[in-house]
1. Let me confirm something: among K283, K317, which residue is more than 21 Å from V237 (Cβ to Cβ), modelled with pLDDT of 85 or more and in contact with a helix residue (DSSP H, G or I) (Cβ under 8 Å, 6 or more places away or on another chain)?
2. Within the stretch 320-331, is even one residue in a loop (DSSP other than H, G, I, E, B), modelled with pLDDT under 95 and surrounded by fewer than 21 Cβ atoms within 10 Å (Cβ to Cβ)?
3. Would the stretch 70-79 turn up any residue that is at pLDDT 95 or above, touching a Cys at 6+ places or on another chain (Cβ under 6 Å) and more than 22 Å from F247 (Cβ to Cβ)?
4. Name the residue, out of G316, G303, that is surrounded by fewer than 23 Cβ atoms within 10 Å (Cβ to Cβ), under 28 Å from V40 (Cα atoms) and more than 13 Å from the chain's Cα centre (by Cα).
5. Check G144, G165, G160, G129 and return the single one that is modelled with pLDDT of 95 or more, buried (at least 21 other Cβ atoms within 10 Å of the Cβ) and either in a loop (DSSP other than H, G, I, E, B) or of a type in the set (K, R) (or both).
6. Any idea which residue in the stretch 235-274 is nearest to the chain's Cα centre (by Cα), counting only those that are part of a strand (DSSP E or B) and surrounded by fewer than 16 Cβ atoms within 10 Å (Cβ to Cβ)?
7. Find all pairs meeting these conditions: Cβ atoms under 9 angstrom apart; at least six residues apart or on different chains; first residue within the stretch 235-247 and at pLDDT below 95; second residue exposed (fewer than 15 other Cβ atoms within 10 Å of the Cβ).
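The values are calculated or read from the model by the stated rules, or taken from the named source; none is laboratory data. A quick note: this is a predicted structure, and the numbers were derived from the prediction, not measured. Glycine gets a Cβ as well: all are built from the backbone with ideal geometry, and neighbour counts include every protein chain shown.
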Amino acid sequence: MSYRSFSLLIAAIFAPLFFSDLFAQPHADGSDSKMMFGDVSRTGMPFSKDPHVIKFRGIYLMYYSIPSYRDVSNPVKGWGIGIAESRDLVNWKKIGEVTPATDYEGKGLCAPCARVIKGKVHLFYQTYGNGEKDAICHAWSEDGINFLRDETNPVFHPDGAWNCGRAIDAEVIKHKGNYYLYYATRDPDYKIQMQGVAMAPGTSDFKRQDWKNLSIESPILKPELPWEKDCIEGASVIKKKGKLYMFYAGAYNNAPQQVGVAVSTDAVTWKRLSDTPFLANGKPGEWNSSESGHPHIFKDTNGRTYLFFQGNNDNGKTWFISKVEVNWNKKGPFIKNQLTSGRLLRFARNDLNVYNI
């Protein structure tokens, strides 16, 4: 048995006993503590994807995707959304889940986008497991944990001959008085993943009738660079000095998926900042050698920005969420210390940020 296989076996046996707390590991250079989070509650192995972070009533909340329970007798079926809280963006404690509650969510829900609007948390998410019929849904909450569904759900799926009608990976922003909903979809042959955008008035309560697809004729971004391969998905957008910056995932999971950046002034027309990834996957043996993907760019109340992302080094058997601070200059975003080093999967208490509900 290889060292990695033995490590995974030990983790599966002892995770429920030893991973009930969150732990942080400092960078080798002594800078910001390294966040490494994995939810073991459903499979016994760290498995957390698609992070989205907000600050709500003085507390950080992270929403993320979690897989179906390994125990098929569990009454909760399908993928769900985990909720964790933190006071420092490093140490996280799981506080809840959003689980399927309607027929259209019957096979699961995932890929959350959370926004604080007028004192409430609005959650945009996708249905799961329905192929071309997967669509974007909306819910809201007074406390960030218990959500009420929009009665018009699903609220969006795209039209247009260039796509298959599917919508996943929602990202909602407000820009110049309107809301923009970024979504990923595939071509009619269901092979190429691309980005589209819809718009709703700034006074909208996000119901289905409010959204107008702006990507009728073509996508706003499609894979063109060698490292993007057949996929662009997981858009996350931030406004900086009058410009919009989109952090996106290029290539499908573990292909490897990596993070790129594009810029826009009108929320619809986008131009890449570089032909190379902004955040690459790690080297062989590093914790994120299989991918650094599905980004979320978060601006804290102190003005600092952090890029949250998912990664693993075992082709998707496990998934961790980590972050790196993003700095800015006249050319746009940059990272001082790339978080792509350090061996993982030793499953020692001081190596992982893992929570077991």
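1. Only one candidate qualifies: K317.
2. Among the residues of the stretch 320-331, at least one is in a loop (DSSP other than H, G, I, E, B), modelled with pLDDT under 95 and surrounded by fewer than 21 Cβ atoms within 10 Å (Cβ to Cβ), which makes the answer yes.
3. There is at least one residue in the stretch 70-79 that is at pLDDT 95 or above, touching a Cys at 6+ places or on another chain (Cβ under 6 Å) and more than 22 Å from F247 (Cβ to Cβ).
4. Checking each option against the conditions leaves just G316.
5. Sole residue among the options that is modelled with pLDDT of 95 or more, buried (at least 21 other Cβ atoms within 10 Å of the Cβ) and either in a loop (DSSP other than H, G, I, E, B) or of a type in the set (K, R) (or both): G144.
6. Per the stated criteria, the residue is K239.
7. Filtered contacts from the stretch 235-247: K241/W328; G242/T265.
Per-residue answers, yes or no, for (1) within 25 Å of N254 (Cα to Cα); (2) among the β-branched types (V, I, T); (3) modelled with pLDDT of 95 or more; (4) in contact with a strand residue (DSSP E or B) (Cβ under 7 Å, 6 or more places away or on another chain):
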| site | (1), (2), (3), (4) |
| --- | --- |
| M35 | yes, no, no, yes |
| R42 | yes, no, yes, yes |
| I54 | no, yes, yes, yes |
| I83 | yes, yes, yes, yes |
| T102 | no, yes, yes, yes |
